[in-house]
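Engineer: Quick one: the structure is below, and I'll ask about it shortly.
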């Protein structure tokens, strides 16, 4: 297996925005400190949950630099630098790598709807041009493109492609059959984190970890340490929260949840809008079932 970037639970951290649209770096710093203090294993900055798609280039780089500087080596920092434009993806990944990230997270090119050969050439171009570890992000529900197990087998030739954030769990057994343990496989679905680990996965890149990082990390580490019953129990316990956080398009519910809990997470950027009244009622009702008191010391700083 390639060298692990992390094992356990990474948080796909939200990006707090001011009402006027700028990034609230003070609040982002508090969120990062809360995550690290509550045993998260890695910070993913500028992912889908972080609304990277609506950030300017400067904001994107500034957010990555802020995360690297704030974390200061305490846990790995993974930066979303994917794009549907290979040249832009390559340039952004180079710039992020120079800031000291521990890995780049590269979503499949969206909208262009390229072939498997196009995907191969896209990832080959980036992998050949940068030294930093790369984690591929396969989320067909958002991109309409799937990284097949056969393509992963081809991409195994690039040593710096070290892992996959996989949302297509059905194909994971085939991936392991073809590739063995060449790639660290991470669940991109909170509700399927333990099932992914049961197939040989190394963890989860999580939305619910914005709210319950310690529980999310414990769920994964329990399984990896052989405490299957605890992992199973925790996976079942988080199901209502997962459903609430995905009752509307991510990150609308989780960002609203953070605001409800007292963070200054701010609004989502258009075309994402506020949570519906029905969605908000569901989120409020669900949050009451979980212990979120560990946040208070960081919210009130």
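Throughout, read-outs are computed from the coordinates displayed, never taken from laboratory work. It should be emphasised that the depicted structure is a prediction, and the values quoted were computed from it without experimental measurement. With ideal geometry, Cβ positions are generated from the backbone for all residues, glycine too; neighbour counts draw on all protein chains shown.
Engineer: Based on alpha-carbon centroids, what's the gap between segment 44-67 and segment 91-135 in Å, whole number please?
Structural biologist: 16 Å
Engineer: Show me 235-245, 186-196 ranked by packing, highest mean number of other Cβ atoms within 10 Å first.
Structural biologist: Ranking the peptides 235-245, 186-196 by packing returns 186-196, 235-245.
Engineer: Looking at the chain as a GNM with Cα springs under 10 Å, which of 232, 269, 142 has the largest mean-square fluctuation?
Structural biologist: Its mean-square fluctuation being the largest, the pick is 142.
Engineer: Here's something else I'd like to know. Hey, in the GNM for the chain with a 10 angstrom Cα cutoff, which one of 73, 163, 201 fluctuates hardest?
Structural biologist: Among 73, 163, 201, the largest GNM mean-square fluctuation belongs to 73.
Engineer: Can you tell me which of 29-36, 103-110, 151-158, 17-24 comes out highest on packing, and rank the rest after it, using the mean Cβ neighbours within 10 Å?
Structural biologist: With the highest mean Cβ count within 10 Å placed first, the list reads 103-110, 29-36, 151-158, 17-24.
Engineer: Determine, from the Cβ-Cβ distance of residue 273 and residue 26 and an R0 of 30 Å, the FRET efficiency 1/(1 + (r/R0)^6), rounded to the nearest 0.05.
Structural biologist: So, using R0 = 30 Å, E works out to roughly 0.75.
Engineer: Continuing with the same structure: Go ahead and run the numbers for FRET between residue 88 and residue 37, Cβ-Cβ distance against an R0 of 51 Å, rounding to 0.05.
Structural biologist: For R0 = 51 Å, the calculated efficiency reads 0.90.
Engineer: Then there is this: Along the Cα→Cβ direction, 7 angstrom out, place labels at residue 125 and residue 224. What is the inter-label distance in nm?
Structural biologist: Simple spin-label model gives 3.4 nm for this pair.
Engineer: Okay, moving on. Tell me what the chain gives for mean residue ellipticity at 222 nm when only DSSP H runs of n ≥ 4 count, each as -39,500 (n - 2.57), the sum divided by the residue total, rounded to 500 deg cm²/dmol.
Structural biologist: -12500 deg cm²/dmol
Engineer: Next question. Find the centroid of the Cα atoms in segment 2-34 and in segment 240-256, then give the distance between the two in whole Å.
Structural biologist: 17 Å
Engineer: At a threshold of 8 angstrom on Cα-Cα distance, excluding pairs fewer than six apart, so keeping six or more, what relative contact order does segment 8-299 reach in percent?
Structural biologist: Computed value for segment 8-299: 19 percent relative contact order.
Engineer: Compute the length gained on full extension between residue 54 and residue 292: take 0.36 nm times their separation in residues and subtract their Cα-Cα distance, giving the result in nm to one decimal. Write down the numbers at each step before the final one.
Structural biologist: Numbers: separation 238, 0.36 × 238 = 85.68 nm, distance 2.90 nm.
Here the answer is 82.8 nm.
Engineer: Here's something else I'd like to know. For the peptides 93-99, 83-89, 10-16, what is the packing order when you average, over each peptide's residues, the other Cβ atoms within 10 Å and list the highest mean first?
Structural biologist: Result, highest mean first: 10-16, 93-99, 83-89.
Engineer: Run the quick spin-label model on residue 144 and residue 232: label points 7 Å from Cα toward the beta carbon, then report their separation in nm to one decimal.
Structural biologist: 4.1 nm
Engineer: How far apart, in nanometres, would the label points at residue 117 and residue 18 be if each is projected 7 angstrom from Cα along the Cα-to-Cβ direction?
Structural biologist: Each label point lies 7 Å from its Cα, and together they span 5.0 nm.
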